[in-house]
Amino acid sequence: RAAGPAGPGSCQRPRPELALCSAAGMVPAIAGLLLAVAAGVRGSAAGEQESPPGSRFVCTSLPLDAAGSGCPMPPVPMQGGALPPEEELRATVLQLRETVLQQKETIGSQREAIRELTGKLSRCESADGRAAPGTWKKELGKGKDTMGDLPRDPAQVIEQLSRTMQSLKDRLESLEHQLRANVSYAALPSDLREMLQRRLGDLERQLLSKVAELEDEKSLLHNETSAHRQKTETALNALLERVSELEKGNSAFKSPDEFKVSLPLRTNYLYGKIKKTLPELYAFTVCLWLRSSASPGIGTPFSYAVPGQANEIVLIEWGNNPIELLINDKVAQLPLFISDGKWHHICITWTTRDGMWEAFQDGEKLGTGENLAPWHPIKPGGVLILGQEQDTVGGRFDATQAFVGEMSQFNIWDRVLKAEDIMNIANCSINMPGNIIPWVDNNVDVFGGATKWPVETCEERLLDL
């Protein structure tokens, strides 16, 4: 301004010179730049008007609200189509003023950000209990109030702001890391407890389910045990009734297996019949006690016929021929001699493998052979007759081939018995009923005058040998 006293917030030109106006807090670098530009302009205008010697420029601070009004520059007429130096200077000054204002706004926004971050940091430190409010200034500025006057060098300002921002970021990251660690450590036991509770709940449910299953199995087992007990009691009652009948003399037999079948005449109508039939067999053992004095030959102790084959299994001695074993109408002669009117224990074994057979008399093996109907299985579903040879299934008996005498303990197994077992049966050491055909009273029927009688004891039969 050309008139008025000099004072704060105004520019004064005591001599012909250019006054510059700046905002409060302008950095020295900008002021120096303005002075350099002003000096250059003065040098370029020296040809038209010399400035008095000893002239100088004075710059004073203006309040922020005065930045708009500023110190207007007087217009300078243009020369030769180019802008006058004052106009160029004015345009440059306006541009620099705008730059300075933008830097002011940037610095102000950075200050606001620093204040906000510092406030948050102070609250976090206060909550953490490690720092008291108001201590951040000394830590950041190393004892100086960094929010006061900034260094006058822009490079130092920027460097100081960068260090401040980095320090704040580091401290915030440290606090966040500690906060996350504290939260995770505090939450871990709770999560562990929840996981353990869930696991315990699952185990408890599994245990209850297993207990329920065991209870069900126990109930089923109890029911099955009850049914089995009832069956056992029924069988025992039947046996008790049978024993009572035997004790009262209502039956001629001492036990279900202590009987014999008597066939005293050589006819075609006296015989016994086994109620049970044979399954398919790949091996067998037949044992029985015999006593006969008929001649010539004892006849046919037993025969088994199936549809299509009347001689599936036959033991026969007729005429002056030796005792023969027929399987599928194939013949093997056995070295047995039993027509002396005494009790003899006879056992015959056979297997389809190579058709091997064995003959035992009174526990002693007297003969063996092979190739008797090899690889031929015994057919099931046939008829088993005692005392007659069948020409058809269950009939057409021939009196010349009938058995004359007595027989007992006729048993059949579906395997080849060991020689030791056969010896024990023959010498009365064990009682071993057949697993396919056992010798029991209710499994044998007699026809044509054949009779059942009590049989001598095993020891008495041995004494008869």
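Some points to look at:
- Label zone at residue 427 (point 7 Å along Cα-to-Cβ), backbone N below 11 Å, the range 348-377: 363-364
- Ligands, DNA and RNA excluded, the heavy atoms of residue 98 present near 110 Å² of accessible surface to a 1.4 Å solvent probe.
- Share of carbon and sulfur in the accessible heavy-atom surface of the range 192-250 [1.4 Å probe, %]: 57
- For the pair residue 102 and residue 212, a Förster radius of 60 Å applied to the C-beta separation gives a FRET efficiency near 0.15, rounded to the nearest 0.05.
- Using a probe of 1.4 angstrom and keeping all protein chains present, the accessible surface of the range 259-463 works out to 42 square angstrom per residue.
- Selection from 363, 444, 404, by position along the positive dipole direction of the range 259-463 (Cβ): 444
- If R0 is taken as 35 Å, the Cβ-Cβ distance between residue 219 and residue 445 corresponds to a FRET efficiency of 0.20.
- Added length on full extension, which subtracts the Cα-Cα distance from 0.36 nm per residue, residue 376 to residue 435: 19.1 nm
- Contour excess over end-to-end distance, with Cα ends at residue 177 and residue 109 and 0.36 nm allotted per residue: 21.7 nm
- Cross-link pairs beyond the 29 Å C-alpha cut-off, checked among 379/418; 260/418; 218/275: 218/275
- 342, 452, 418, ranked by accessible area, largest first (probe 1.4 Å): 418, 342, 452
- Rounded percent of accessible protein surface that carbon and sulfur make up, the range 259-463, 1.4 Å probe: 52
- Stretching the chain fully between residue 462 and residue 282 yields a gain of 61.6 nm (0.36 nm per residue, less the alpha carbon separation).
The values are calculated or read from the model by the stated rules, or taken from the named source; none is laboratory data. None of these values were measured; they are calculated from a predicted model. Cβ sites come from the backbone with ideal geometry, for glycine too, and all protein chains shown count toward neighbours. All accessible areas refer to the heavy atoms of the entire protein, side chains included, with ligands and DNA or RNA removed. Shrake-Rupley method; radii C 1.70, N 1.55, O 1.52, S 1.80 Å.
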